[in-house]
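Contents: one structure, followed by commentary.
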């Protein structure tokens, strides 16, 4: 029965018998929540996909997910319908504070439909729950499976989808089947890993047609440390080495299950998979950054570094020695190849970290980490004794974003425990309401800073069995009377419902003056020909841009500007004592009015063309390069301060008639490092960073030249590749050293500017054929190629593997032209482009996108090419049924 509380307008429920249902596995797919790919754009020779611009009044993007989370052991009850777990055994040996157990808990097993109704009433878009491993496989192995358990989760998933709630399924949330502990010693043994993989395979096969978001393991840190070092969690072990062995097996379990999903299910089911990590932030005490970083790496880096970098953090290897398992080459390949589609973050609190005066006189994880923790006087504490630090969530997200190069992140848990043992105190949970509000504010600030945060799951939907604390610690936004099992909404539930409905606009969130348009996540499904190609040129042709938009062609504004230093010298010194950065137009016979450009883009935004990006092009045929007398930070700070509200990113365009003797154009490694440092700062602040190689063919065959000696796109223009120093290894160097902060790499396989010249190429083979050849070879090498720097006297690098993921690769084409009474007639090489793109699609080797140069080639008729572009798109979409 459902009753309405008129003050909150949220459903409360009382326990009612649940009708038995059959095994309904009918797929139900809700509309795609991440359908924000949206568009492909040209960046001075680059195509890219980006998240749509959203109004500054919106704290969260339109595709941001709001959800709530629970776990099976804590809410389901119905222990008679599942196998025994290590927690059941542990609680008999080590009773809770109230000497309770989870045999009934919230009785979600029988009240599932009513609970989904509560979720719907909250406006939840997603629900994260875990599968009880022993409810599916009572002994933990696939020797025996229980259909009743499979049926329950089928019904839950279908019920969620029926109400347009996206299921996020966690496979393991601490409740290891006791049978695995008895037979193998649990997570200490490799056989438990194999059992988990078999369990995961069954889950993917059974529910993967409807479940598109998988979490393999919840908080492996908690399992390893609390379960095997301190012993405060099941199975209650206390051992100095066991946590590291357990952690290694948990990582193997994640990687092997992920590998199974990728190889056997992901292509057809089109889901994503990751892991949820415990990740409270650690502030530095008295500039003791080493202690704070050590604490972060011993907790978060312990489990994320191996699947991102292929190894444990160096500080752990140094402090633990032989007690830390060595990651073998086979495991490294497994970890990196399986990797993760997203990172889940469970954040609750923060602490201040400092280095103790001496080493601990005891053994175990907390001695190994060698960090003292404290709180700040201004921080309040909740009923768990945890400091409430909303800003720590923002700092944690920024730390993850920086260390792991901008991964997709979900807040998979965030919530607070308050003192509310009676319903009257619980309903007025103002502290929890404030906690949720301020942590959502921190999320919005992190997004504004460029963090790719795409969802938030509040812990927890309802009060539940809180592990060793029993029922005396409450995290829910629904109060549960554990005698009657009635659910009553708290004030925090009303607030969260309203916040979801308002998309966060009810939050008092200060936004930055600048709001850069950002790249969307890259995925294989998003690497496809767009429904509209974006082409662009320079911002001084505003009317040409507007005309192109009217023809249905999206545009990037690409401004050629000279952004460099101007010096003032004293009479007695040749050293400048004052530096000013000037911005001026460098395109001949044109004018550049950045205020006009800014106004123009704002007008286009209001007209519904918010996908336009404005890039500053540094270098190239018209631009100047970096002044050696201006540091990377000086350049970036000036750019961010004075031009950050005009530009959305930086394009390093290292091409053209560069005077190599000029101090502004010399490509030394100092100059390249400066570009890399600027790229890092820009990327971390949310700008788009791209590099545009000249008309080159990236060499994946080991040559010392990064560009081939001849211009593959037109042998009649061989002079174009007569570069001096910077034609050798420049892009390989940038990608090798600064690749994580470069968002896009454009390969410009230009069709000829002359139809006649195209017939010269090897029996009439067009440049598009070379394009296909390159991408296919790159895909076969797992998106890496080897560059031999040994012949280059300017660097001490040797033979180096360079990574160029398809998710960063953009293929460029240019218009052709034919002479017509002395005038250019522009055309699109439609047949060649369409054929190349179709060939790559057929071999599942699509790059991030395509671009087309340009709106206006020193003339006014470029926009008339939109008809030909439309034909390419129509043919491609017809072929791929897009």
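Before we move on, is residue 184 buried (at least 23 other Cβ atoms within 10 Å of the Cβ) and assigned by TED's automatic domain parsing to the domain that holds residue 79? It is false that residue 184 is buried (at least 23 other Cβ atoms within 10 Å of the Cβ) and assigned by TED's automatic domain parsing to the domain that holds residue 79. Looking at region 232-239, can you tell me whether even one residue there is touching a strand residue (DSSP E or B) at 6+ places or on another chain (Cβ under 6 Å), buried (at least 24 other Cβ atoms within 10 Å of the Cβ), in the same structural domain as residue 343 (by TED's automatic domain parsing) and over 24 Å from residue 314 (Cα atoms)? Taking every residue of region 232-239 in turn, none turns out to be touching a strand residue (DSSP E or B) at 6+ places or on another chain (Cβ under 6 Å), buried (at least 24 other Cβ atoms within 10 Å of the Cβ), in the same structural domain as residue 343 (by TED's automatic domain parsing) and over 24 Å from residue 314 (Cα atoms). Against the numbered list (1) more than 17 Å from residue 89 (Cβ to Cβ); (2) crowded, with 22+ Cβ neighbours inside 10 Å, residue 197 comes up short only at (2).
Evaluating residue 650 against the criteria (1) closer than 25 Å to residue 599 by Cβ; (2) modelled with pLDDT of 80 or more; (3) out of contact with any helix residue (DSSP H, G or I) (no Cβ under 6 Å at 6 or more places or on another chain) leaves one unmet condition, (3).
Under the condition of being free of Cβ contacts under 8 Å to residues at least 40 places away in the same chain and out of contact with any helix residue (DSSP H, G or I) (no Cβ under 8 Å at 6 or more places or on another chain), the residues counted in region 199-251 number 2. Mind listing just one residue for me: the one in region 611-623 that is assigned to a loop (DSSP other than H, G, I, E, B) and either in contact with a helix residue (DSSP H, G or I) (Cβ under 8 Å, 6 or more places away or on another chain) or crowded, with 19+ Cβ neighbours inside 10 Å (or both) and, of those, modelled with the highest pLDDT? The qualifying residue modelled with the highest pLDDT is 612. Residues of region 162-199 that are assigned to a helix (DSSP H, G or I), over 12 Å from residue 134 (Cβ atoms) and either in contact with a strand residue (DSSP E or B) (Cβ under 8 Å, 6 or more places away or on another chain) or modelled with pLDDT under 95 (or both): 196 alone. Using the structure shown, decide if residue 205 is more than 15 Å from residue 130 (Cβ to Cβ), assigned by TED's automatic domain parsing to the domain that holds residue 369 and assigned to a helix (DSSP H, G or I). When the stated conditions are applied, residue 205 passes them. Only one entry of 473, 432 meets the criterion of being within 31 Å of the chain's Cα centre (by Cα) and over 25 Å from residue 343 (Cβ atoms), and that entry is 432. Looking across region 253-295, the residues that are part of a helix (DSSP H, G or I) and crowded, with 22+ Cβ neighbours inside 10 Å come down to 253, 254, 255, 257, 258, 261, 291, 292, 294, 295.
Could you please let me know if residue 177 is under 25 Å from the mean Cα position of the chain (by Cα), in contact (Cβ under 8 Å) with a residue 24 or more places away in the chain and farther than 30 Å from residue 120 by Cβ?
For residue 177, the condition - under 25 Å from the mean Cα position of the chain (by Cα), in contact (Cβ under 8 Å) with a residue 24 or more places away in the chain and farther than 30 Å from residue 120 by Cβ - is not met.
The residues of region 402-440 that are assigned to a helix (DSSP H, G or I) and under 28 Å from residue 685 (Cβ atoms), listed by number, are 402, 403, 436, 437, 438, 439, 440.
Here's the yes/no breakdown for (1) under 21 Å from residue 413 (Cα atoms); (2) at pLDDT below 95; (3) crowded, with 19+ Cβ neighbours inside 10 Å:
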residue: 37; (1), (2), (3): no, yes, yes
residue: 48; (1), (2), (3): no, yes, yes
residue: 64; (1), (2), (3): yes, no, yes
residue: 70; (1), (2), (3): yes, no, yes
residue: 80; (1), (2), (3): no, no, no
residue: 84; (1), (2), (3): no, no, no
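Inspection of region 331-340 identifies no residue that is more than 28 Å from residue 245 (Cα to Cα) and either in contact with a helix residue (DSSP H, G or I) (Cβ under 6 Å, 6 or more places away or on another chain) or at pLDDT 95 or above (or both). Return a yes/no flag: does region 309-329 have any residue that is assigned by TED's automatic domain parsing to the domain that holds residue 408, under 24 Å from residue 69 (Cβ atoms) and crowded, with 21+ Cβ neighbours inside 10 Å. Among the residues of region 309-329, not one is assigned by TED's automatic domain parsing to the domain that holds residue 408, under 24 Å from residue 69 (Cβ atoms) and crowded, with 21+ Cβ neighbours inside 10 Å, which makes the answer no. The residue that is nearest to the chain's Cα centre (by Cα), among those in region 114-133 that are assigned to a strand (DSSP E or B) and more than 14 Å from residue 462 (Cα to Cα), is 126.
The values are calculated or read from the model by the stated rules, or taken from the named source; none is laboratory data. As the structure is a computational prediction, the values presented were derived from the model and not from experiment. Methodologically, a virtual Cβ is constructed for each residue, glycine included, from the backbone with ideal geometry; neighbour enumeration extends over all protein chains shown.
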